[in-house]
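What follows is a set of notes on a single structure, which appears directly below.
The values are calculated or read from the model by the stated rules, or taken from the named source; none is laboratory data. As the structure is a prediction and not an experimental result, all values here were calculated from the model. Note that each Cβ is placed from the backbone with ideal geometry, even for glycine, and that neighbours are counted across all protein chains shown. Side chains are part of the model used for accessible areas, which takes the heavy atoms of the whole protein and leaves out ligands, DNA and RNA. Shrake-Rupley method; radii C 1.70, N 1.55, O 1.52, S 1.80 Å.
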Amino acid sequence: METKTQKKYNITVYVRRFDPDKDAAPRQQQYTIQIEKGLTVLDALNLIKQTQDPTVGFRFSCRMGVCGSCGMLINGKPGLACNTQVLDVTESALTLAPLPNFSIIRDLVADLVPMFGVLTGVQPYIQRSDVEEMENPTREYFQTPHQLEEFLQFTYCIKCGSCMAACPTMATDKEYLGPMPLTQAYRYNTDSRDDAADARREIVSSCHAIFNCHYAAECSNVCPKGVDPARAIQLMKKDLVLRYFGLRKKKCAHVHEGPSQSDYKPKIEAPPFTVDQ
Amino acid sequence: MKETAYWTWFIIAAIVILVLAGLHMVVMHLPALGVYNPASGAATDWQNVAFRSQHQFIAFTYIILLAAALYHGLYGLRTIVFELGPTKAFQEVFTVVLWIVGLILFGVGAYADLAAKSVGRVL
């Protein structure tokens, strides 16, 4: 029986190396690997680590474009190493670097902690004015399909930092909130179950926030999940301007009545804490 | 909401500039169309200038254009400077300085515009 042999490609991989304890500045290291169709950038890095240099530093977890850990600069474009096939990018030279606009922990590992700090600041969670209902919900919060569609696209964000790395405003303005937190602010502001939109609007309409977006739209161009942060930012601007002119009124969250034939799920008791509080 | 107000008026100023600068281009650079250029010849001919200086609409248009251009330009300058990462205190002082500079320039420009109109009335 004839076995199919896939064409092999010799790829030169240039990896930016930097160890803050040893190196004064980042340097570039070159590796040559042989790959075939189907190999991802993450596979290529694992191949280098297993066969040539175990000291190469990179971060990954799920290996299927869900966790957002392996964001890096692949031939000059931010993206996920696990869902980028090498042959889609190059057939000869592959250049890998950590995500720009972040400090480097080591080699290809960017420090995303400041980004998560900013994200926390925009309160990316549902808040309700009726504390009792929030703490002890009486029933499920139903939404119409239209209400869900208004923010569904923006829930696909995996916080990989690709949009932040591609943003030209982030590169010049160190205090700029960035496309990911602004998108998440819009996502929760649009959620019909949420009551904290005014607090988020105060944050996103401050200095170094939504009005500093130059609309380069690179965030949407590089997003591996198709979230389109540039659209969220423009929709948020529209919302703010309409409210400034009093053309959009405050909308209070409420518990929607479900379809008449639906069954309410019984309240699920939270499991006991596994660590001491 | 202060930044929302600044940005909203920045966009409105851009639209105003687009319309009024378009009118300016028609009046000053397409005199053959005859818009506020009753005498034949260039838009800067004495008769044409004297005719325009007597019209309130032209004076009003240029004052609005001046205000829009100053606001739009100074807001742009403020954005550029803020992206350089100055301190919060500098940002606040710089905003006040830009308001003062803008108002002075607007006052001077508006005075020149109204003075030209009064000259036209004498003529």
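The residues of segment B:75-112 occluded by other protein chains by 30 Å² or more of accessible area, set against the chain on its own, are B:F82, B:E83, B:Q91; surface from heavy atoms, 1.4 Å probe. Here, P(r) means the percent of Cα pairs in each 10 Å bin from 0 to the largest distance; for chain B it is 12, 34, 28, 16, 8, 1. Summary: within chain A, the longest segment free of chymotrypsin sites (Phe, Trp or Tyr not before Pro) located in DSSP loops with at most 12 other C-beta atoms within 10 Å is A:1-124. For A:I105, nonlocal amide neighbours, meaning residues 5 or more places apart or on other chains whose placed amide H falls under 5 Å from its own, are A:A110, A:D111.
Going by the alpha-carbon gyration tensor, a ≥ b ≥ c the square roots of its eigenvalues, is segment A:1-136 rounded (a/c under 1.5) or, if a/c is not under 1.5, prolate (a/b greater than b/c) versus oblate? Verdict is oblate for segment A:1-136. For the protein assembly as shown, the fraction of alpha-carbon pairs lying more than 30 Å apart is 60 percent, rounded to a whole number.
Taking θ as phi - 60° and the Karplus parameters 6.51, -1.76 and 1.60, the scalar couplings of segment A:191-201 work out to 5, 5, 8, 9, 10, 9, 4, 4, 5, 5, 4 Hz in sequence order, x denoting glycine and proline. Set the bar at 29 Å for Cα to Cα. Now go through A:K8/A:K159; A:K159/A:K267; A:K49/A:K159; A:K7/A:K77; A:K238/B:K117; A:K77/A:K237 and name every pair that lies beyond it. Long pairs (Cα-Cα over 29 Å): A:K8/A:K159; A:K159/A:K267; A:K238/B:K117. Listed values for segment B:87-102 are Karplus-derived 3J(HN,Hα) couplings in whole Hz (6.51 cos²θ - 1.76 cosθ + 1.60, θ = phi - 60°), namely 6, 4, 5, 4, 4, 5, 5, 4, 5, 5, 4, 5, 4, 5, 4, x, and x replaces Gly and Pro.
Expressed in whole Å with the largest first, what are the equivalent ellipsoid semi-axes of segment A:177-238 derived from the C-alpha gyration tensor as the square root of 5 times each eigenvalue? Walk me through the numbers on the way to the answer.
Values: eigenvalues 73, 41, 13 Å².
Those come to 19, 14, 8 Å.
About its Cα centre, the dipole of the protein assembly as shown is roughly 800 debye, where the only charges are +1 on Lys and Arg Cβ and -1 on Asp and Glu Cβ.
Calculated [222 nm] ellipticity per residue, helices only, for chain A: -8500 deg cm²/dmol; basis is -39500 (n - 2.57) per DSSP H run with n ≥ 4, divided by all residues, nearest 500. Per-residue shielding of A:132-141, expressed as the average number of other chain Cβ atoms within 10 Å of the residue Cβ, stands at 0. Against chain A, whose longest principal axis is taken from its Cα atoms, helix A:229-244 shows a tilt of about 30°.
Can you give the average number of partner chain beta-carbon atoms within 10 Å of each beta-carbon in peptide B:2-9, as a whole number? Walk me through the numbers before you get to the answer.
Details: counts 3, 10, 13, 4, 3, 8, 7, 1.
The per-residue average across the peptide is 6.
3J(HN,Hα) along segment A:111-128: 8, 8, 4, x, 4, 5, x, 5, 4, 4, x, 8, 6, x, 7, 6, 10, 10 Hz, from the Karplus curve 6.51 cos²θ - 1.76 cosθ + 1.60 with θ = phi - 60°, whole Hz, x for Gly and Pro. Once backbone amide H atoms are built at 1.01 Å from N, A:V13 has A:Y31, A:T32, A:I33, A:L94 as its partners under 5 Å, excluding neighbours fewer than 5 places away on the same chain.
State the percentage of accessible surface on segment B:13-52 attributable to carbon and sulfur atoms; use a 1.4 Å probe and exclude ligands, DNA and RNA.
Details: 1770 of 2380 Å².
Looking at segment B:13-52 in its full context, I get 75 percent from C and S.
Summed over both chains, the area buried between A and B is near 1400 Å², taken from the accessible surface of protein heavy atoms with a 1.4 Å probe.
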